[in-house]
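What follows is a set of notes on a single structure, which appears directly below.
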Amino acid sequence: MPHYIDGEFVASEKKFANVSPVDGRLLGEVCEAGRDEVNLAVAAAQTAQAGAWGRASAGERADALLRIAAGIERRFEDFVAAEVADTGRSVKQARSLDIARGVQNFRTFAELIRQAGGEFYEMRAADGNDVFSYTVRKPHGVVAVISPWNLPLLLLTWKVAPALACGNSVVAKPSEETPSSATLLAEVIHEAGLPKGAFNLVHGFGPESAGEFLTRHTGVDAITFTGESRTGETIMRAAAAGVREVSFELGGKNAAVVFADADFDKAVAGVLRSSFTNSGQVCLCSERVYVERPIFQRFVAALKEGAEKLKIGYPDEDGVDMGPLISRTHRDKVLDYFALARAEGATVVSGGGVPRFGDARDGGAWVQPTIWTGLDDGARCVREEVFGPVCHVAPFDAEDEVVRRVNDSEYGLCAALWTRDLKRAHTISRRFRVGMVWVNTWFLRDLRTPFGGVGLSGIGREGGRHSLDFYSELTTVCVNP
């Protein structure tokens with residue numbers, strides 16, 4: 001699997017293995033970028049800024065994004081196959097969420113950049129002249145896009161689309177765990193006819209590899225990253241050199257809060273979805289669940305029943321609900337938390353181990369959907385992000401209490417609230433220290449709204465005009481005729 005640099009697919013001598021999380025088989029080899037490949041990619045991006053791509057109008061850039069969207073649609077099933085192979089997620093999810101959202105991201109930002117306007121103000125100066133001030137939106141230049149493995153195409157396009165829409169040149173580095181759909185995207189962008197260097201793709205790892213070389217490169221003007229909080233801290237230190245723009249969407253230890261007046265069945269189904277979607281490998285998943293005491297026991301029993309009905313299986317099986325974790329290495333981390341929870345005194349309501357299939361899947365990275373109760377709020381398993389199919393369920397008695405407990409976290413990405421009381425929903429949503437609150441739903445977004453977290457969950461906001469603001473520089477022009 002090659003890099004894509006300056007309009008060409010380029011191989012490098014050093015390579016690494018791409019391994020299936022379903023059964024551990026080798027999917028292929030991927031080229032690893034070193035300092036030389038990253039230097040070439042950044043230089044190509046800078047040249048594109050000085051050339052045709054830097055001179056492209058907003059309308060021309062929007063047209064390019066629409067061609068990319070159409071290209072993804074033409075190769076829709078190729079993208080599905082790539083996502084499924086790399087992640088082990090179900091074919092149904094890849095079709096309905098991952099690839100569909102990739103197409104939508106390009107179309108949404110094409111529309112937004114066409115409609116984007118600047119500010120205009122008129123004033124009378126001391127000399128009596130009418131003075132006009134307006135803003136002009138310009139690209140930063142070269143944007144480094146570093147995307148994670150959990151939703152590979154969705155989160156890559158969520159960044160690439162607005163970066164290109166605003167006229168930047170992009171150097172993208174996907175996760176080493178999920179290189180396939182990013183390589184297909186490079187093929188589609190190549191076919192869409194963007195000028196050489198407008199989009200570049202390098203594969204590799206973080207430290208002493210493509211990720212570090214890219215984020216430390218002085219030719220990079222802005223960095224956008226989704227991934228672990230510790231990695232975000234490292235990148236932020238690198239970005240301090242040159243005081244470059246950064247936008248980080250990092251980890252989460254998200255809460256779901258269920259009041260006794262909630263639609264019980266809808267809340268159970270919602271928490272099952274928010275805890276176990278994508279095998280819990282979504283930064284927005286609910287790992288902490290707080291249930292009002294009058295319905296606590298009933299809720300835990302219903303959640304257990306629902307979790308044990310989830311179908312774990314091959315991506316193309318009918319009705320499959322959960323696939324494997326991304327790798328055996330990540331599974332080892334999750335299993336360490338399963339052991340830690342027992343050591344901390346958790347009651348394992350359901351799961352807590354590795355399913356046995358008696359076939360090739362036993363060589364993969366599978367775990368059971370897991371529910372805990374009985375831990376106090378200071379337990380590591382309640383405070384640290386597991387990033388697997390697991391939730392801890394605890395009772396609460398009062399609104400102020402549950403707000404305090406939700407906010408008692410270093411993270412602050414999102415929360416889910418289940419109640420029929422609309423006044424309560426509006427009031428409590430304001431009090432949660434998070435970037436997004438869902439009420440009686442989860443994982444539903446209007447792409448025009450801002451998205452991001454607080455604390456260890458990140459810095460900055462993307463989505464809609466907020467993405468346009470991050471991926472642009474604003475220049476004020478003041479005219480005194």
Task: Within straight-line cross-link reach of Lys333, aspartates and glutamates at Cα separation under 16 Å, skipping those fewer than 8 residues along the same chain - done: Glu177, Glu228, Glu287, Glu384, Glu385
Open item on the list: Please report the projected area of segment 118-220's Cα convex hull averaged over all directions, in nm².
Closed with: 9.4
Task: FRET efficiency for Phe132 and Arg35, using Cβ-Cβ distance with R0 set to 51 Å, rounded to 0.05 - done: 0.60
Task: Amide N of segment 422-463 lying under 15 Å from the label point, which is placed 7 angstrom from the Cα of Lys266 along Cα→Cβ - done: 422-426, 438-444
Task: Calculated log₁₀ intensity ratio I(q)/I(0) where the Debye formula runs over C-alpha points of the chain, q = 0.14 Å⁻¹ - done: -1.35
Open item on the list: Can you compute the modelled spin-label distance between Arg380 and Ala17, with each label point 7 Å from Cα toward Cβ, in nm?
Closed with: 2.9
TODO: Please calculate how many Å² of accessible area the chain carries per residue, with a 1.4 Å probe and no DNA, RNA or ligand atoms counted.
DONE: 41
- [ ] Taking every pair of alpha-carbon atoms in segment 440-481, give the share separated by more than 14 Å as a whole percent.
- [x] 63
Task: Estimated FRET transfer efficiency when R0 is 25 angstrom, pair Arg431-Gln297 (beta carbons, to 0.05) - done: 0.40
Open item on the list: Cβ neighbours within 10 Å, averaged per peptide: list 29-41, 246-258 in order, most packed at the top.
Closed with: 246-258, 29-41
Task: Charged-residue dipole, Cβ positions (Lys, Arg, Asp, Glu), the chain about Cα centre, Debye nearest 20 - done: 620
Open item on the list: What is the distance in Å between the Cα centroid of segment 207-225 and that of segment 251-273?
Closed with: 39
Task: Kirkwood Rh and Cα Rg combined as Rg/Rh, segment 326-481 - done: 1.10
Open item on the list: Which order do the peptides 428-434, 453-459, 174-180 come out in when sorted by mean C-beta neighbours inside 10 angstrom, highest first?
Closed with: 174-180, 453-459, 428-434
Task: Percent RCO, i.e. relative contact order, over segment 94-169, from Cα pairs under 8 Å lying at least 6 residues apart - done: 39
Open item on the list: Using +1 at the C-beta of Lys and Arg and -1 at the C-beta of Asp and Glu, which of Gly167, Asn150, Ala262 has the Cα lying farthest in the positive direction of the dipole of segment 131-271?
Closed with: Gly167
Open item on the list: Could you check the spin-label model distance between Asp316 and Glu410? Points 7 Å from the Cα along Cα→Cβ, value in nm.
Closed with: 4.3
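The values are calculated or read from the model by the stated rules, or taken from the named source; none is laboratory data. Computed from a prediction, not measured in an experiment: that's the story for all the values here. We place every Cβ from the backbone using ideal geometry, glycine too, and count neighbours over all the protein chains shown. The area values use the complete protein model at the heavy-atom level, side chains included, leaving out ligands, DNA and RNA. Shrake-Rupley method; radii C 1.70, N 1.55, O 1.52, S 1.80 Å.
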